[in-house]
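Structure first, commentary second.
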Amino acid sequence: MNAASWRVVAGSVAGPQHANVELSNQDSVRQRMLPGGLHALAVADGAGPAARATLGSNFAVEAAIAAAVRCFPEPPVGLAGWRSATLAFADECLSGFDEEVAHAGGPRADYSTTLLAVILAPPFLAYVCVGGCFLVAQRDPGGSSLVVAPRAVLVPAAEPPASAVNPGLSGAVYLTSPHRDEDLRHGVLADTALSGVALGTGGVVDGMLRAAYAPDGSAYHVAPAGFDEYFDTFRDDAVDARVLSRRLRSREFAASSGDDKTLLMAVRR
């Protein structure tokens, strides 16, 4: 992969609930170039009620980047190599976070946070996720699709509405949760048409994803067709990356959720 052919853009802002009471943004975001042209990307969503949520989300993304450096010293060979490296990456993300929390001291629950980490080296895409973040991938041709769905409970509808907005999270799981290993999701995609990836925290779920309905009325998340606009906008280097943060601060996004809002994107030019 030619690293110079990809652009990484991040936006992260405090949600209205925090801004109104002068609390800091509890989300964290990191990205790093690795040898061989790999991109390591990570976002984390600190749990609002947790006493050290901001520190927890920082621990999570720092642990993910450190794990990426150790597990991907060079691009793996073939799908089997990628799967093996990704499994090790998942273990290192969790153990690295645990070490940081143990060193800092205090109750584990004080550091509650989610995590989504990605290693991008098209045609391969590896991911590790715990909790309510989500991952969208764009194909050219093909458009955007949801790869990792947020852990949210959607209300079934007897008659699917023409337009639906996602309800909030229920039964959230964090890196500090006793049963986090049961929620851990990791995998590898291989797609020569990959043209963009977007990592989002829980605060942008309602503003960026939509609910779709199966024939039995059950609901599930989808990335709407309009998601392509985000990738297409930042494919142009002339568009300032700060446009993304301004978008996340807009009235539209403020109305969708009071939570902190973070979106990290990599787009193929």
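The values are calculated or read from the model by the stated rules, or taken from the named source; none is laboratory data. Predicted model only: the values in this text are computed from it and were never measured. Every residue, glycine among them, receives a Cβ derived from its backbone with ideal geometry; neighbour counts consider all protein chains shown.
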Test set (1) in contact (Cβ under 8 Å) with a residue 60 or more places away in the chain; (2) closer than 20 Å to residue 204 by Cβ; (3) not acidic (Asp, Glu) - residue 119 fails condition number:
(2)
Checked against (1) at pLDDT 95 or above; (2) loosely packed, with under 14 Cβ neighbours inside 10 Å, residue 144 satisfies every condition except (2)
Every residue in the stretch 126-150 that is β-branched (Val, Ile, Thr) and not in a strand (DSSP E or B), please.
none
Restricting attention to the stretch 33-40, does a residue exist that is in a helix (DSSP H, G or I), surrounded by fewer than 15 Cβ atoms within 10 Å (Cβ to Cβ) and at pLDDT below 95?
yes
Unmet criterion (only one of (1) of a type in the set (D, E, K, R); (2) touching a residue at least 40 places away in the same chain (Cβ under 8 Å); (3) surrounded by fewer than 19 Cβ atoms within 10 Å (Cβ to Cβ)) for residue 99
(2)
What number of residues in the stretch 240-269 are among the charged types (D, E, K, R) and in a strand (DSSP E or B)?
2
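Would you check if there is a residue in the stretch 110-125 being among the charged types (D, E, K, R) and exposed (fewer than 15 other Cβ atoms within 10 Å of the Cβ)?
no
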Here are the criteria: (1) surrounded by 15 or more Cβ atoms within 10 Å (Cβ to Cβ); (2) farther than 25 Å from residue 193 by Cα. Tell me which single one residue 104 does not satisfy.
(1)
Here is a check on your reading of the model: is residue 211 at pLDDT 90 or above, in contact with a Leu (Cβ under 7 Å, 6 or more places away or on another chain) and closer than 27 Å to residue 86 by Cβ?
no
Filter pass, residue 95 being outside any loop (DSSP other than H, G, I, E, B), modelled with pLDDT of 95 or more, within 23 Å of residue 175 (Cβ to Cβ) and polar (S, T, N, Q)
yes
In the stretch 148-168, anything at pLDDT below 95 and under 15 Å from residue 115 (Cβ atoms) is listed as 150, 151
